[in-house]
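Beneath this line is the structure, given in structure tokens, with notes to follow.
The values are calculated or read from the model by the stated rules, or taken from the named source; none is laboratory data. Remember, predicted model here, so these are calculated numbers, not experimental data. All Cβ positions, even for glycine, are placed from backbone atoms using ideal geometry, and neighbour counts span all protein chains on display.
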Amino acid sequence: MSNDILFLAEFSGGAPARSALELATGAAELASQSGGSAVALAYGSGAASGAGALGAHGAARAIVLGDEDRPAITFAPAAIAAVRDAGLAVLAPATPNGRDLAAALVGSLDLPAFGPVRAVRVVDGAVESEQATLQGSVITTARPADGAPSPSVVLVLANTFTPAEGGSGTAEVTQTGDAAESALAKATVAESHEAEAKVVNLEEATVIVAGGRGVGGEEGFGPLRDLAEALGGAVGASRAAADAGWIPYQLQIGQTGKVVKPSLYIGAGISGAIQHRVGMQTAEHVVAINRDPDAPIGEFADLFVVGDLFEIIPALTDEIRRRKGA
Ligand SMILES: Cc1cc2nc3c(=O)[nH]c(=O)nc-3n(C[C@H](O)[C@H](O)[C@H](O)COP(=O)(O)OP(=O)(O)OC[C@H]3O[C@@H](n4cnc5c(N)ncnc54)[C@H](O)[C@@H]3O)c2cc1C
């Protein structure tokens, strides 16, 4: 059994998903701790031509499970064949597709499973991971029991690793063929198109405008949506706003919500509680708008604007639209 760290690398529309680049970086980091190599399990349209480039993010090798545009679960037979008796761990993104494939690996090969995790490392030759439980109030560190089969399958939350280019440049690519005859691999996508109301993935957004209790109600998010649209970004929220039912829980940022990493985070009517901060503190630039000059968010914001969000946000939106010539 090798000390390799494998990772699921999803491709679509000819390009790798952000999760593939995050996990390539993470797998390379863990492989340097385990003394093995980072190995991509690439699937989806563009995987065959794009897998080699994962080398720039740290993958030493890439195994192409399939290059077609088809449901992720249909790559399970090829993934199972590639993972059998291979390596120390398989990192899977904690996305619906990643969870499907991880479950197939764990169920078929009877492997130990962990996650979703926010931190993972190699300690004494085993993969150790940290998971938040009980609504984030308890952090559990887990590792496979002595004698447990390898590899461990670890579901990794978005933004646990930051994609970094530092690898050799090109991963050595091999194709799998042995699982292509499986009935599961025969399903195809007949047609796909973007939904009318396009949902911006908060975890991948480069600009986020987040609202909190200070927004005052569901309709109070209107000006924030306008600003987000003008900036080409997404709307997020504090738990207070999600708990109040003003915005869906999927948009909650923080310890018990999403961990985001935009280049610009604008927090309006958010006090900056520690449980919110842990979800957005890795934003490159933090702008806070709050009418309380002593709000804690002012202590870690790059720009702290003291004032009423209902005056500042629309003025900001108008100015951005004016500069864009809209
Ligand atoms: C186990 C646990 C897990 C948690 N997980 C999360 C989590 O994942 N995410 C999260 O966000 N919270 C989480 N919380 C809750 C967290 O502790 C805070 O209660 C919450 O973040 C507060 O939300 P808020 O900042 O919107 O509200 P508040 O703290 O009430 O702040 C509202 C702010 O709006 C300002 N304001 C009001 N009106 C205006 C206006 N017109 N213009 C400008 N500013 C205005 C006020 O000055 C104030 O600073 C968790 C708590 C616990 C115990």
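Data table
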quantity: Single match in R121, R84 (criterion: within 27 Å of K186 (Cβ to Cβ) and surrounded by fewer than 19 Cβ atoms within 10 Å (Cβ to Cβ)); calculated: R84
quantity: Output for the stretch 260-280, where each listed residue is more than 7 Å from the ligand (Cβ to nearest atom) and touching a strand residue (DSSP E or B) at 6+ places or on another chain (Cβ under 8 Å); calculated: V260, P262, S263, L264, Y265, I266, G267, M280
quantity: All positions within the stretch 15-39 that are buried (at least 21 other Cβ atoms within 10 Å of the Cβ) and either on the phi > 0 side of the Ramachandran plot or of a type in the set (D, E) (or both); calculated: E22
quantity: Residues located in the stretch 147-162, provided they are assigned to a strand (DSSP E or B) and within 11 Å of the chain's Cα centre (by Cα); calculated: L155, V156
quantity: Check on G236, within 11 Å of the ligand (Cβ to nearest atom) and either in contact with a Lys or Arg (Cβ under 8 Å, 6 or more places away or on another chain) or under 12 Å from M280 (Cα atoms) (or both); calculated: yes
quantity: Failed criterion for F310 (all others in (1) surrounded by fewer than 23 Cβ atoms within 10 Å (Cβ to Cβ); (2) among the aromatic types (F, W, Y); (3) within 29 Å of the chain's Cα centre (by Cα) hold); calculated: (3)
quantity: Selection count where residues are more than 9 Å from the ligand (Cβ to nearest atom) and among the hydrophobic types (A, V, I, L, M, F, W, C), scope the stretch 289-304; calculated: 4
quantity: V173 vs. criteria at pLDDT 90 or above and assigned by TED's automatic domain parsing to the domain that holds A20; calculated: yes
quantity: Flag for E319 being assigned to a helix (DSSP H, G or I), free of Cβ contacts under 8 Å to residues at least 12 places away in the same chain and either more than 8 Å from the ligand (Cβ to nearest atom) or crowded, with 16+ Cβ neighbours inside 10 Å (or both); calculated: yes
quantity: Filtered residues of the stretch 275-300 (kept if in contact with a Phe, Trp or Tyr (Cβ under 9 Å, 6 or more places away or on another chain) and buried (at least 17 other Cβ atoms within 10 Å of the Cβ)); calculated: R277, M280, A283, V286, V287, A288, I289, N290, A295, I297, G298
quantity: Count of residues meeting criterion [closer than 27 Å to T188 by Cα and part of a helix (DSSP H, G or I)] in the stretch 25-61; calculated: 8
quantity: Candidates L65, L91, L54 - the one that is crowded, with 23+ Cβ neighbours inside 10 Å and under 15 Å from V154 (Cα atoms); calculated: L91
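Rundown of residues vs (1) under 24 Å from E165 (Cα atoms); (2) not assigned by TED's automatic domain parsing to the domain that holds R239; (3) not in a strand (DSSP E or B), yes/no style:
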site	(1), (2), (3)
E68	no, yes, yes
L91	yes, yes, no
P116	no, yes, no
R121	yes, yes, no
T140	no, yes, no
